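Participant: Attaching a single structure in structure tokens format; questions to follow.
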Amino acid sequence: MLEAELKASLGGLTAEEVADRAVLLGFLPEARVQETDVYFNGKERDFRRTDEALRLRSVVLLDGTRKSLVTYKGPKLDSVSNARTEYETGVSDGETAQKLLEALGYRPLAVVDKVRRTYRLGEVTLCLDEVTDLGGFLELELLVPGEEQREAAVARLLALLEALGISRERLFRRSYLELLAEKRQGGWR
């Protein structure tokens, strides 16, 4: 699958203001979760240089239920969005999955913690993220079967961004991981 994604800083808006606007557009609230993402890097393949990501995500739902996901994200495909190939699958035991990745030579690079509120309008997912040490952000996502649908998906997401009253100037293409690296250490070492 290909993930078409836009990411924007909330700037002067609060998450509640954006959530209210989203609901007026027809988005339905789905979940509020705590996500902890451990990003990995390989000895033979430096994902920082290839613009890829290998992530183990641990999700804690409000009822205390936990789930874990392993995700690979390919390089970004255009200069406007964060569209990229994405493969993701659930794992029954996050700790064992981490040990497996480490045994294969992948080492933990960094951790990103966030509280995520998710809303859905048809196939579009809207996420309001409060990222530890970074602040508030919006993500709009739409999964499409392949490259042929990417441009239309990005256009649809840009129209929703405008309908939410969020300026395109707030868009950015760097990951939370990259933003944290810049803030904490002036970049990766």
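Participant: Within the stretch 78-99, is even one residue within 24 Å of Thr125 (Cβ to Cβ), among the β-branched types (Val, Ile, Thr) and loosely packed, with under 12 Cβ neighbours inside 10 Å?
Facilitator: yes
Participant: Right, next: Determine which member of the set Ala8, Ala15, Ala19 is hydrophobic (A, V, I, L, M, F, W, C), more than 21 Å from Asn82 (Cβ to Cβ) and surrounded by 16 or more Cβ atoms within 10 Å (Cβ to Cβ).
Facilitator: Ala19
Participant: Taking the stretch 123-166 as the region of interest, how many residues are open to solvent by less than 60 Å² (accessible area, probe 1.4 Å), out of contact with any strand residue (DSSP E or B) (no Cβ under 8 Å at 6 or more places or on another chain) and more than 25 Å from Gly12 (Cβ to Cβ)?
Facilitator: 1
Participant: Val70 fails exactly one of the following numbered conditions: (1) within 18 Å of Lys7 (Cβ to Cβ); (2) open to solvent by 20 Å² or more (accessible area, probe 1.4 Å); (3) β-branched (Val, Ile, Thr); (4) not in a loop (DSSP other than H, G, I, E, B). What is the number of that condition?
Facilitator: Of everything listed in (1) within 18 Å of Lys7 (Cβ to Cβ); (2) open to solvent by 20 Å² or more (accessible area, probe 1.4 Å); (3) β-branched (Val, Ile, Thr); (4) not in a loop (DSSP other than H, G, I, E, B), Val70 misses just condition (1).
Participant: What are the pairs with Cβ atoms under 8 angstrom where one residue, in the stretch 11-31, is of a type in the set (Asp, Glu) and the other, located anywhere, is open to solvent by less than 70 Å² (accessible area, probe 1.4 Å)? Sequence gap at least six, or different chains.
Facilitator: Between residues of the stretch 11-31 that are of a type in the set (Asp, Glu) and residues that are open to solvent by less than 70 Å² (accessible area, probe 1.4 Å), the close pairs are Glu30/Thr118; Glu30/Tyr119.
Participant: If you take the residues of the stretch 23-56 that are of a type in the set (D, E, K, R), touching a helix residue (DSSP H, G or I) at 6+ places or on another chain (Cβ under 9 Å) and open to solvent by less than 20 Å² (accessible area, probe 1.4 Å), which of them is nearest to Val91 (Cα to Cα)?
Facilitator: Step by step, filter the stretch 23-56, then rank; the result is Arg55.
Yes or no, residue by residue, for (1) among the basic types (Lys, Arg); (2) part of a strand (DSSP E or B); (3) in contact with a His (Cβ under 6 Å, 6 or more places away or on another chain):
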site: Glu95; (1), (2), (3): no, no, no
site: Lys99; (1), (2), (3): yes, no, no
site: Glu102; (1), (2), (3): no, no, no
site: Gly105; (1), (2), (3): no, no, no
site: Pro108; (1), (2), (3): no, yes, no
site: Thr118; (1), (2), (3): no, yes, no
site: Asp129; (1), (2), (3): no, yes, no
site: Gly136; (1), (2), (3): no, yes, no
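Participant: To continue, here is another question. When only residues in the stretch 5-45 that are part of a loop (DSSP other than H, G, I, E, B) and hydrophobic (A, V, I, L, M, F, W, C) count, which is nearest to Leu138 (Cα to Cα)?
Facilitator: The selected residue is Leu10.
The values are calculated or read from the model by the stated rules, or taken from the named source; none is laboratory data. Remember, predicted model here, so these are calculated numbers, not experimental data. FYI the Cβ positions are ideal-geometry reconstructions off the backbone, even for glycines, and counts take in every protein chain you see. Heads up: the accessible areas ignore ligands, DNA and RNA and are worked out on the full protein's heavy atoms, side chains in. Shrake-Rupley method; radii C 1.70, N 1.55, O 1.52, S 1.80 Å.
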